[in-house]
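**Q** Below you will find the structure I want to go over with you.
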Amino acid sequence: MAKQIRLSKLLSCLLALSLVFSLAVPAFAADPAAPSAAPSRQILIVDGKEVDAEAYAIGGYNYFKLRDIAMLLSGTEVQFDVAADDDSHTILAETGKAYTPVGGELAEGADNSATCAVSDWKLSVDGTTVEASVYALGGNNYFKLRDLGTALGFGVDYDAEKDAAVITSTPVDPLALAVTPTSESFTLDGKTVKYDAYTNVLYVSKPYDVKLQSMNIFVPEGADEDTPIILKSGSGAYMAAEAKTPTGEADDIISQALAEGYVVISPAARGRNVTYKDAEGNDVFYGTGPANAVDLKAAIRYLRYNDAAIPGDCDKIIVDGTSASGAMGAILGTSGDSAAYEPYLEEIGAADTSDAVFAVMNFCPIVDLDNVEIAYEWMFGPYYDLEFYQDPACEADIVLSDIMAGYYPAYLNSLGLKDPETGKALTLDEKDIYSGSYMDYLLGYINDAATEYLSDMTADEIAAYLDSEDAQGRKISTWLSYDAKTKEATVTDFAGYVTGWYKSALKMKTVPSFNDIPGRHAGEPFYESLYSENSVFGTYEVQNRNFSNYLSQALTDAQAKGYWKDLDPKDYVVSDEVKALANMYNPMYWIANEDEDISTFAEHFYVRVGNKDHDTSQTIAVNYATALMNAGHDVNFKMQWEQPHAGDYEMDEMFTWISEITKAK
């Protein structure tokens, strides 16, 4: 298995992470100061019986002493005992155990409203510290009733007719939708868009991190069970993503999708940059791969599990993502319902249902991570920017880059790609590495992008564009031509095309581009920086691991030339465990193994990459889209001229595509 699943550790050592999620407002961490308090005037009903228990109304919610609730529920299916750790200021709740009275339970005292203050005591349930809104009044801690219900598994409701808080001892389904939506609106292009917002929806029952394993669900006015759902993935650089809300701005895909009438979900998800300290003070890296994809799959499963409670068609989920989020979309679109992810989903308490999706929109997806470096060096390695690389080690970098670039043709040829229109094999010459049928194929997409860009211009505008200077001070016409008769643009010099977009930092990543090596970043120790993607492939205990399929051999070859002799290539051999994890995170793996029937694929793919993109090789998106087309999938792919590494552009085109594929279903 790619990563050891340790449920016992999950239950015993999580700190500052929560099983609690407020049903209406953020919990304790979001309360900067105590609001005014007053004795609650509401009735308390437990399992249909009216009872007396001291309570305070604070910020519109009822707060009770934990021991009083434990006393009332003792002997039921949701009973729990209570103890206290004075040294750590932690109240300890142990579920499934009858409550042991200490005296004073359910006794009413004087009004201590004036003493209300935020408490520094924490609540731990079965060994896990949980976030709960808690205030100190008169020397006692009072907890929000709804937080206690979520943490301890009993039901909490409100009876408006009786003005009563209602507790039921029947265990609640932790995956059932329990958030009441609020009515919201914004104005976009002069149009008022009304929608219901379900915010802070916890989508797993055993979370590592409540904030990062929750999502926002937005349902536009008029949506029903047939309305398609757009899932906006927000992870950048494989790091954690927070759930977003509509901004009402024209460039916000969530706002635009709501205006178009689609249900939108914005899930938070763990990423490689999140950690916490365990009881011994050790770092626990709980967001390493495949956590990001696992969380998104869990969010999709939650939607399906609650399909009847939330408008939207779960058979028409469309994932939208850019860069690493584009990669997440590619993974979701090719690894649906894979058994490889099941242990991770079980570990966090995901719903037991399908995580397959209908379609994905991948903008500049950084996929094929274990092979991406040689593609990057092939495209950008020959063009080291001297202004950017002033370090004397630049010569060693160039040698390593040239070696890795030389590996790319053999890898490309191993993919067995074919031109989707002609069936011709797409290959690169392994000696003259910038020649071959693949080169012609790649230039075809590049030329199509330039042609489309110039198609909206007049003849004079085209002439002016070609006569303008590129980033290197050359006329664009030195590497791009235009035939007025055929109305087609042609890149005449690939090197000119690659170098024409940026004056400095053309090659924005040092070699190796994604897999870090010692001492690369201002003297930082090996792997301490989040600059590289090594932490995508870490474990709970080890943050970073080598994942490049080629670095070890490249170092060996470089040492034969007299460079990089301070490193041992054996230290960069990829373990079988990392290889398995890299496969899980690589849509190229799922595409290559589709005949094995080990996953469910999306029905439609929308793939875009900009010609100014230098975050990764443009060939990565080309290979991904071509492999999908070769496998018989419906793929809408093109390059976008003058477009850098970005996403959600040409929204009219996006929504036209969405409309076409969803209406055809």
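Each value in this text was obtained by applying a stated rule to the coordinates, not by laboratory testing. What you are looking at is a predicted structure, and each value in this text was computed from that prediction instead of being measured. Cβ placement follows ideal geometry from the backbone for every residue including glycine, while neighbour counts extend to all protein chains displayed.
**Q** Treating only the Cβ atoms of Lys and Arg (+1) and Asp and Glu (-1) as charged, compute the dipole magnitude of the chain about its Cα centre; round to the nearest 20 debye.
**A** Once rounded to the nearest 20, the dipole reads 560 debye.
**Q** Same structure again: Could you work out the per residue convex hull volume over the alpha carbons of the chain, in cubic angstrom?
**A** Given the Cα convex hull of the chain, per-residue volume reads 183 Å³.
**Q** Taking square-rooted eigenvalues a ≥ b ≥ c of the alpha carbon gyration tensor, is segment 159-228 rounded, prolate or oblate, where a/c under 1.5 means rounded and, failing that, a/b exceeding b/c means prolate?
**A** Oblate, since a/c reaches 1.5 and b/c is not below a/b.
**Q** Lysines near residue 561 by alpha-carbon distance under 21 Å, same-chain residues fewer than 8 away left out - which ones?
**A** Hits, sequence-local ones excluded: 431, 570.
**Q** May I pose another question? When the Kirkwood radius is taken over all Cα pairs of segment 464-517, what Stokes-Einstein diffusion coefficient follows at 37 °C and 0.692 mPa s, in µm²/s? List each step's numbers first, then the result.
**A** Numbers: Rh = 12.7 Å.
The estimated diffusion coefficient comes to 258 µm²/s.
**Q** For helix 437-454, report the angle its Cα long axis makes with the longest principal axis of the Cα atoms of the chain; keep it between 0 and 90° and round to the nearest 10°.
**A** In the chain, helix 437-454 runs at an angle near 80 degrees to the longest axis.
**Q** A further question on this structure: How many percent of the alpha carbon pairs in segment 280-348 exceed a separation of 13 Å?
**A** 70
**Q** Here's something else I'd like to know. So if I take the centroid of the Cα atoms in segment 411-451 and the same for segment 533-611, what is the distance between those two points in Å?
**A** What the calculation gives is 23 Å, centre to centre.
**Q** Which entries of 144/206; 612/663; 424/475 show an alpha-carbon separation above 24 angstrom in the structure shown?
**A** Table pairs above 24 Å Cα-Cα are 612/663; 424/475.
**Q** Length gain on complete extension for the stretch residue 117 to residue 245, per 0.36 nm per residue less the alpha carbon to alpha carbon distance?
**A** 43.0 nm
**Q** With the Cα gyration tensor of segment 33-132 giving a ≥ b ≥ c as the square roots of its eigenvalues, does the rule (a/c under 1.5 for rounded; else a/b larger than b/c for prolate; else oblate) give rounded, prolate or oblate?
**A** oblate
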